[in-house]
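A short write-up of the structure that comes next.
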């Protein structure tokens, strides 16, 4: 009998709660439609040395007519993703920021998973003002949602002193293919005993950079159909990766600190990665003058170019009260302010994707660390050549499958079989 | 034991008083029950709101699927999807391996240590107890990171093995599917053995010394004492610790994420990490993620029933 009462209490309790929760949803759905101005707009981003610093500069530079405070909050990227997901899926806009930074690889999944949660900027900014390749990933369904921010333009950072020992100059590595790169790598290892690069078997950023040189990605144009089996660029990239392994020119690392440690301690002769690595390269002050940056090697295929991208992120405005003010803030700072971009480059080394900014003086500065190279103007000229691809919805989900596939391939399974397997797995998982 | 002592106490009261007490109890039984319910109702409501309601909601969610907020009911699709999902199967296999190897290993070790540390002749008992229990107060993330560096390719373990000539070339523990699992198992065992040991130590205090004395007089050696007396006396505690450890291992997350992040490939991914990935790492599908969560619930229930049947009282 007691048990019966207990069950009864539980059931009543649940019914009451269920009723409450459905009522809430309706209420919040209605209120988010209205737009009124607010006193404070909140912005979320990660990395105090880069994105947060850029926001601070933007706040200083803002001269629009909005009368509001900008509240900048630093969160780890993982935390931002979790908070956005839990907040947006619960249907409440309480506690959500006005402005948020989202990584380009994840942008489409947020835009599609939470339609109406983001405020379109189509009429606010001119998407032609920004690097082309950023537009595909920051827009959805014909509307521009993201304000393209930092460039993930990739470069091949090389140690000129090691190359010299092996009889090469940076020019010999300029505009080469990955196959040529491997040959040079073998010679460099012979002459110096140093590995050519680091490889992290759990992070296929290397593969992503390779396939983007040919305008290819893990998914089709539609952003959701896995494009793995029969993807020639991916095949080529896998083959190249294996060649690097076989040639024994890669130092295996398993996390970020080992990756940074490898080039800071002079263990590798080159670092092919995104330009955001520059501050980490410069950490080793004793290596000043021993580095140069050349364009990314390309896949040895028709149509591949010597430019690629790794990472990068863009600003988004949430569809909550204060969105007009937030849009005004963004337009007058990251959306049009050339001077701001000069400050960003000079003070934080943050390379944006606002095309007009590249003509400024700050971009022409010669960097002593890189032997007097005009690094920023080089990087921004490569930015314009990056083939635009739609990163789509499933970059990280597919990559986790590919990592396993890569292990099988390195252990001797036929490439065709491997890619057919991963295609099958991806299709099964991404229904 | 305790019942006997209260009876003794009651016997001190005059007989008339005892009768009055019982009559008053009889009159107020309904009132008392109500008051009792009042005390209980607060926690019943709180548990309902914060435990049962979310459980029911999560169960309903496990029949839905879709990106982020666009969830819709898909019937048993999620449950079917489980069986064809290689990542889920890998996660389930890995978690089972951790469970099958790590839990028995840890229980035996904990039992072994607790018996050693219970020896009254042992010097510095307090020090050893603290030393073995100390890992339990360290933060999960902190110790995971330390393990990661210990077993790194330039880590102290590799240096040690290399310098003493056990290996001729460094082993990349965390990039090898087999060794990565070994590292995870070592890490969890290090972290949780002391925790379980404390339960056994506490239970051993309650084992009557005269039983051991009698056994010694009968000529039982230390092994016989251990298997014939200690283990049977600790049976309920062993059952309790193996159930809590099983649940803990099924939910393992922090260590995996921080030491190997599931890699190499999916060689160390656990069910909980897969749930996290489905919700936050990939395009969010909370429906499917909660289906996977319910697999853990089902496993915990099944394994606990088995453990009760095998080790528990017959009644």
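Every read-out reported here was derived from the displayed coordinates using simple, explicitly stated rules and does not represent laboratory data. Bear in mind that the values here come from a model prediction, so they are computed numbers and not experimental data. Backbone-built Cβ (ideal geometry, glycine too); neighbour counts: all protein chains shown.
Table for the structure above
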| read-out | value |
| --- | --- |
| Gaussian network model of chain B, springs between alpha carbon atoms under 10 Å - residue of B:153, B:229, B:41 with greatest fluctuation | B:41 |
| Descending semi-axes in whole angstrom, ellipsoid equivalent of chain A, from the Cα gyration tensor | 41, 29, 19 |
| Degrees between helix A:323-332 axis and first principal axis of chain A (Cα, 0 to 90, nearest 10) | 30 degrees |
| Cα-based helix-to-principal-axis angle, A:178-192 vs chain A, degrees rounded to 10 | 60 degrees |
| Ranked B:240, A:238, criterion: other C-beta atoms within 10 Å, fewest first | B:240, A:238 |
| GNM top mover of A:248, A:286, A:129 - chain A, alpha-carbon springs below 10 Å | A:286 |
| 16 Å reach of a label modelled at residue A:94, 7 Å along Cα-to-Cβ, counting backbone N of the range A:314-344 | A:321 |
| Alpha carbon Rg of the protein assembly as shown, scaled by the compact-globule rule 2.2 N^0.38 Å | 1.16 |
| Kirkwood hydrodynamic radius (C-alpha pairs) into Stokes-Einstein, the range B:66-156, 10 °C and 1.306 mPa s, D in µm²/s | 88 µm²/s |
| Peptide A:390-402, shielding by other chains (average Cβ, 10 Å cutoff) | 3 |
| Estimated distance in nm for a label pair at residue A:286 and residue B:244, the labels positioned 7 Å out from Cα along Cα-to-Cβ | 5.1 nm |
| Compactness of the range B:128-260 - radius of gyration and Dmax, Cα, Å | 19.5, 56 |
| Shielding of A:113-121 by partner chains, average beta-carbon count, 10 Å | 2 |
| Projected area, mean over directions - the range A:267-378, Cα convex hull, nm² | 9.7 nm² |
| Inter-label distance, nm, simple model (7 Å from Cα along the C-beta direction), residue B:121/residue A:56 | 6.7 nm |
| Zone residues, the range A:229-250, relative to residue A:300, backbone N less than 12 Å from point 7 Å out along Cα-to-Cβ | A:236-237, A:239-241, A:243-244 |
| Reduced Cα scattering model of the range A:186-321, Debye log10 I(q)/I(0), q = 0.09, 0.12 Å⁻¹ | -0.33, -0.56 |
| Rounded tilt (10° steps) of A:104-113 against the dominant C-alpha axis of chain A | 20 degrees |
| Cα shape, the range A:324-431, gyration tensor, a/c 1.5 rule | oblate |
| Relative contact order [Cα under 8 Å, 6+ residues apart], the range A:175-315, whole percent | 39 percent |
| Fewest-first sequence of B:184, B:157, B:217 by Cβ atoms within 10 Å of each Cβ | B:217, B:157, B:184 |
| With 5 Å bins from 0: P(r) over the range B:79-311, alpha-carbon pairs, percent | 1, 6, 12, 14, 15, 15, 12, 10, 7, 4, 2, 1, 0, 0 |
| For chain B, calculated [θ]222 nm from helices alone, where every DSSP H run of n ≥ 4 adds -39500 (n - 2.57) | -20500 deg cm²/dmol |
| Top of A:400, A:161, A:39 by mean-square fluctuation, Gaussian network on chain A, Cα under 10 Å | A:39 |
| Potential extension, residue B:178-residue B:38 segment - 0.36 nm per residue separation minus Cα distance | 44.8 nm |
| The range A:97-149 and the range B:52-126: distance between their alpha carbon centers, rounded to Å | 38 Å |
| Peptide B:261-269, shielding by other chains (average Cβ, 10 Å cutoff) | 5 |
| Pairwise label distance in nanometres, residue A:415 with residue B:131, each label 7 Å out on the Cα-Cβ vector | 5.6 nm |
| Residue-averaged [θ]222 nm for chain A, counting only DSSP H segments that reach four residues, each worth -39500 (n - 2.57) | -13000 deg cm²/dmol |
| Sorted by Cβ density within 10 Å, fewest first, the residues B:191, B:32 | B:32, B:191 |
